[in-house]
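Reading through the structure tokens given below for one structure.
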Amino acid sequence: MKPVHMQIYLAPMEGITTYVYRNAQAAVYGRLDKYFTPFLEPHEKRSFKKRELQEILPENNKGLYVVPQILTNRAEGFLELAASLHEMGYREINLNLGCPSKTVVSKGKGSGFLAFPEELDRFLDTVFSGLTGELSDLRISVKTRLGMESSEEFPGLLAIFNRYPLHELILHPRVQKDYYNHRPDRQAYCLARQESRAPLCYNGDLFTRKDMDGFLADFPDTDRLMLGRGLIRDPGLAAGEVAEEEKKERFRRFHELVLNGYREWNMGDRNVLFKMKELWFYQIRQFADAEKLGKQIKKAQTLAEYERAVEELFSEKPMVL
Ligand SMILES: Cc1cc2nc3c(=O)[nH]c(=O)nc-3n(C[C@H](O)[C@H](O)[C@H](O)COP(=O)(O)O)c2cc1C
């Protein structure tokens, strides 16, 4: 049986899924169901850094359902930051248990926290016990990997998650040491589907519409997907199929919105260039026969050079449907 409405979420991607990106994506391709912010970390001082504040200010996210994500292993820090976000109007917050980067993992955070199940249990206990008074309407979801070393860690972790009323469990079925290598472990996803008390969202390696269709054919009762690199490659991935000309026209508009959005940040041309090049690492795969122009974009030293290369790409190269 087909689910009534397939919910699609934009994955958090540090440096990439900024508010500029979210707004451009929604304006051109239609709103997704949820947008997760790249992770925020609790600070000693309670106030937000300017860039963080920019991401979560309601006026920068008008009309979008945004879920702020927190990275920490300290329950008190989590609750304090959650309280600040609650004050700003947020009612759903996500805990990052997936980040595989060494600097994060070595501090026992992100997927590094998965190596300490007892501490994780205590953390969740303190967090959920802290959702009283003003915070009693706050929903907490978790984005997790399967473990640090082996997917055999996952059943124990799932048993811990099941002790708490998580709003949602988002599973990227790899372990920390995989980083982004190997294939997502679909068997683990199956286990989670059977055993998770919280509604389950799948995340991982859905790069094309064909990947999505194949996944949904294999797991037809899936009702929510989180898309990361695939959606950055093609921001229209979750929108309906269109002819090549229309696809290009939309992507051109999208690109312009993102570029202008970053220009308005006043971060200097070099940083704008850096941000745009980071996107092209994924986006270039949408164009056929574009290796040379991809290199030109990467090598551009000024925004003028950059725009010339992008213009040539748009006018010369067909888009892959
Ligand atoms: C550059 C980059 C930055 C990321 N930043 C975050 C982050 O801040 N928080 C998080 O939970 N996951 C982060 N991720 C992981 C993605 O959200 C997602 O789980 C992962 O890319 C797998 O999904 P995909 O195959 O659809 O891309 C990041 C991934 C990449 C490649």
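Note on segment 7-233: with neighbouring protein chains present and a 1.4 Å probe, carbon and sulfur make up 49 percent of its accessible heavy-atom surface. I'd like the orientation of helix 209-218 relative to the chain: the angle between its Cα long axis and the longest Cα principal axis, in ° from 0 to 90, rounded to 10. Taking Cα atoms only, the helix is inclined about 30 degrees. Relative intensity of the chain on a log10 scale, I(q)/I(0) at q = 0.08, 0.14, 0.15 Å⁻¹, equals -0.38, -1.15, -1.30, per a Debye sum over C-alpha point scatterers of equal strength in the absence of solvent. Using Cα pairs closer than 8 Å and at least 6 residues apart in sequence, work out the relative contact order for segment 7-233, in percent. Reported relative contact order: 17 percent.
Helix 303-316 and the long axis of the chain differ in direction by around 80°, with both axes built from C-alpha atoms. Against the criterion of solvent-accessible heavy-atom surface with a 1.4 angstrom probe, 321, 227, 135, 57 sort, most first, into 321, 57, 135, 227. Accessible area per residue (1.4 Å probe, heavy atoms of protein chains only) ranks 233, 22, 51 as 51, 233, 22, with the largest value leading.
Tell me, what is the per residue accessible area of the chain in Å², probe radius 1.4 Å?
Ligands and nucleic acids excluded, the result is 49 Å² per residue.
Residue ranking by accessible heavy-atom surface, 1.4 Å probe, largest first, among 216, 259 comes out as 216, 259. Relative to one another, the C-alpha centroids of segment 10-78 and segment 105-133 are positioned 21 Å apart. Which value at 222 nm does the chain reach when only helices count, each DSSP H run of 4 or more adding -39,500 (n - 2.57), with the total divided by all residues and rounded to the nearest 500 deg cm²/dmol? Value at 222 nm, helices only: -13000 deg cm²/dmol.
Applying a threshold of 26 Å to the alpha-carbon distances of 45/275; 177/299; 49/102; 248/299; 248/275 flags 45/275; 177/299 as lying beyond it. Couplings 3J(HN,Hα) for segment 86-93, derived from phi with the Karplus relation 6.51 cos²θ - 1.76 cosθ + 1.60 (θ = phi - 60°), are 4, 4, 7, x, 6, 10, 9, 9 Hz, where x marks Gly and Pro. The 3J(HN,Hα) values that the Karplus relation (6.51, -1.76, 1.60; θ = phi - 60°) gives for segment 48-60 are, in residue order, 8, 6, 4, 5, 5, 4, 3, 5, 10, 4, x, 5, 8 Hz. Gly and Pro appear as x.
Residues whose amide H comes within less than 5 Å of that of residue 224, counting only those at least five positions distant or on another chain, are 7, 202 (H built at 1.01 Å from N in the peptide plane). The GluC sites (Glu not before Pro) of segment 208-285 that meet both conditions, a loop assignment by DSSP and at most 12 other Cβ atoms within 10 Å of the site Cβ, are 241, 264. Reducing segment 250-321 and segment 179-214 to their Cα centroids gives an inter-centroid distance of 31 Å. Would you please classify the overall shape of segment 117-210 from the alpha carbon gyration tensor, given that a ≥ b ≥ c denote the square roots of the eigenvalues, rounded means a/c under 1.5, and beyond that prolate means a/b larger than b/c while oblate covers the rest? Prolate. In loop segments of segment 36-86 as defined by DSSP, the GluC sites (Glu not before Pro) with at most 16 further C-beta atoms inside 10 Å of their C-beta are 44.
From the square roots a ≥ b ≥ c of the eigenvalues of the alpha-carbon gyration tensor of segment 57-144, which class results: rounded (a/c under 1.5), prolate (a/b over b/c), or oblate? Before the final figure, lay out the partial values.
On the way: a/c = 2.49, a/b = 1.42, b/c = 1.75.
Oblate, since a/c reaches 1.5 and b/c is not below a/b.
For segment 264-313, applying the loop criterion from DSSP together with a ceiling of 16 other beta carbons within 10 Å to the chymotrypsin sites (Phe, Trp or Tyr not before Pro) yields 265.
The values are calculated or read from the model by the stated rules, or taken from the named source; none is laboratory data. Computed from a prediction, not measured in an experiment: that's the story for all the values here. Note: ideal-geometry Cβ built from the backbone for every residue, glycine included; neighbour counts use all protein chains shown. All accessible areas refer to the heavy atoms of the entire protein, side chains included, with ligands and DNA or RNA removed. Shrake-Rupley method; radii C 1.70, N 1.55, O 1.52, S 1.80 Å.
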